[in-house]
Structure formats: C-alpha cells, structure tokens
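Let me begin by presenting the structure, written as structure tokens, before commenting on it.
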Amino acid sequence: MSPLITSTRFSLLDRSRTREGYDGPAALRDTVALAVEAEALGYHRFWVSEHHSVPGVAGSAPTVLAAAVAAATSTVRVGTGGVMLPNHRPFVVAEQFGVLESLFPGRIDMGLGRSVGFTDAVRGALGRGKEDAEDFAGQLAELLGWLDGTQRDHPHVHARPAEGLRIPAYVLAIGEGAAVAAAAGLPLVVGDLRDCPKLLRAVERYRREFRPSARNAHPYVVVSGSVAVAGSPEEARRLLMPESWSMAYSRTHGIFPPLAPPERIEALVPAMTGRERDLYERGLSGGVQGTEEQVAGELEAVVAATGADEVLVTTSTYDREALVDSLRRLARLAGLADGRGTPEVRAVTGDARPGGGPPARTSLPGDRHRSQR
C-alpha cells in the first residue's frame, strides 16, 4: 500500500443514475443500498446530488435522499454533492440542513454548487434564470448567515432548528467556484481527476486566495472523479462504458439517457458518428481505471500533484455488482477495509473542529489517517 494513498480520505458520491430496465424509484433504492455498503467498506462520506428533469438521473431532492441514506447508516458522514444553491432560497436550505443535523447529529455535510436548471424549460419550472448563478457568493454568505445567526436582512426571522448548529459546508467548484470557496474560507471540491492542468490551476488559486474563517483555519481540497478498479484493464474499461456513452449521447442528442449495459454499447460502436465516437472515447479515458496496482499509481500521482486531502469517487455504471466490486478493490488499496465489506478500522465520522469543517489531518484523536504528508 502507498503511504500517500492510505493517508488520504476516500468518499463516494452517487448520482442515482437510472438504468435500462430499472425505474427511478429503483435507482434511489440502489443509492441507499450503496451507502450501506460504503459504510461497511470504511469510506468517509457518502454524498448525493441534485438534478432536475434529467431522464437518466433520479436524484432530484438531495436533502430528502440524504435523510434516507442517514437513516439506513450509522457512522458514515452523509451529505450533498451538492445542493444547487441558485435553485433555492438560502433560508429554506438552512432549515433543511438544520433538520438533517438535528436528526443525525455530527454526520451531516452541506455540499453546495452554483448550477441552475439545465434547460430554459427546467429553469422556468424552478422559477430561476441563468443570471441566478451569478450571485452564488452572495447566496452562500446568506446561507451561512442563517446558520450562525448573523444575517440582518430579515430581522426577527430565524432558520430553526438550524441556527447555531455546526454543519460543515463545502463548495463544489467549476471555474470561479475556487475563488468563492477561498474567499469564504470553506473546503473546495473540484474535478476531474484526468484534467490535471485545469485541476491544478483551480487548486493553486484556492490555496493562494484562501482566507481563514471561523469554520476552517486551513484550506481543504477534495478532488473528484470516476475511479474504476477491476481484475483487468479491460474489465475496468467496461465499467466506464455506460456513463461514457450516456455523456456522448447527451452532447449529440440533447438527452441524457439511462445507463445501458456494456454489451449493448459495444454493439452500437460501429454505427456511432465521428463526433459520438470521439466523445465516447474521451469519456472512457476521463477516469482513473485499471487494476489495483495501476489505479494506486495513478491516484498517487494525482494526490501528490494536488496535495489533495480527500478523493471523492463519482463512478456510475450499469452493473451494480461490478461497481461494488470496484469500490471494494479501491477500499483495499486505500487501506480502508479488508475487501469483504467489513472494515478493519472504521473512519472517524465527526469533523470535530471548532466551527464545523474538515479536521486537520494530524490533530484528531482516533483519526483513521495513519501518516502525515
């Protein structure tokens, strides 16, 4: 095992992808089942996402789904990756997370993004426009003000039961998001694992501009992307086929479809247009993939280059058994568990630092990290 990898936290984000032959409710149940497995394997966090009116994604209400995940588990941290803040009133978001933290104290993460609905029709249904994403920093500040009781725009109004609760907040960054996270003194979540120049630019800017806050005294970087681990490179590649084809199809047809089984995708390859094939191949090469040894080497290079504190795995595939096997192999190479779903050492679930936020790597009693970079 690599000391660098075993001293890095590993977490999961599941987007509740629908699959051919399985409906949306089945996808949501799959997400909850995967969270139970992730907890047994020793992953640090399990996050869910927000998408609206996307045929291939069932996860439209992340705080509701997070409640179901938290109720089915007992130690893994649970959160959102993320709630798209421009889609909601910050006051209501604060209330929702206050309820979650009250029901599952010390286990809830508040991951926040700046995206709005994917199309004009969806934005209209949400009552939002593209311009609503432009004031993400202001929306974030308002939300944090509801939590810590400092907001003054609405006198005599309080976000109950959220006010005064220590709920760690994270910023999901694309482009300017790194600067927003730095200015707010919050942890940064950024991808993808393969686009290292872009990733490094975001991380470098974040660390350079980071301002210590009451929530976080130091920068904290989470790098995110697909990771596929299997017994052979070919098997790992097959894990990435369904998502790669869905992404290619969405960019050429405007519809993000449910995941298809790899054998059906293989049959489609000869009939793909040049653009479809290019997007499909780029998707296949976009994740970290291979055998345990190959993946360990690639992840070590990413973590070393970025100085990441944590890796958030976002892999989606048709075969759920193969996905769980990949996560077991990853847990084994990361030193999380014995590979059978029974952890040797459970991750500490609390981010117990004054003000919420992620702990310093070396300061928590009982923290599962065994070495310091």
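The values are calculated or read from the model by the stated rules, or taken from the named source; none is laboratory data. Not measured: the values here are computed from a predicted model. Positions of Cβ are backbone-derived with ideal geometry, glycine not excepted, and every protein chain shown enters the neighbour counts. Note: accessible area is taken over every heavy atom of the protein model, side chains too, but ligands, DNA and RNA are not part of it. Shrake-Rupley method; radii C 1.70, N 1.55, O 1.52, S 1.80 Å.
The table below lists the values:
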| item | result |
| --- | --- |
| Packing rank of 7-14, 290-297, where each peptide gets the mean count of other beta carbons within 10 Å, highest leading | 7-14, 290-297 |
| Charge tally in the Cβ shell below 15 Å around Arg128, where Lys, Arg are +1 and Asp, Glu are -1, Arg128 excluded | -2 |
| The chain - Rg (one decimal) and Dmax (whole number), Cα, Å | 19.8, 64 |
| Segment Glu20-Ala271, length gained on full extension (0.36 nm per residue, minus Cα span) | 88.4 nm |
| Near-label residues of the stretch 88-110 by backbone N, under 16 Å of a point 7 Å along Cα→Cβ of Val36 | none |
| The stretch 57-183 - accessible surface per residue (Å², probe 1.4 Å) | 42 |
| Extension gain (nm, one decimal) between Ala125 and Ala72, 0.36 nm per residue minus Cα-Cα | 15.9 nm |
| Carbon + sulfur, % of accessible area of the chain - ligands and nucleic acids excluded, 1.4 Å | 54 |
| Ordering of 200-211, 263-274 by packing [mean C-beta count within 10 Å, highest first] | 200-211, 263-274 |
| Residue among Val171, Val122, Val69 with the largest mean-square fluctuation in a Gaussian network model of the chain, springs linking Cα atoms under 10 Å | Val122 |
| The stretch 167-282: relative contact order as a whole-number percent, Cα under 8 Å and 6+ apart | 19 |
| 5 angstrom amide H check on Arg19, placed H, neighbours 5+ away | Leu259 |
| Relative contact order computed over the chain (Cα-Cα under 8 Å; 6+ residues apart), in percent | 22 |
| For the chain, calculated [θ]222 nm from helices alone, where every DSSP H run of n ≥ 4 adds -39500 (n - 2.57) | -13000 deg cm²/dmol |
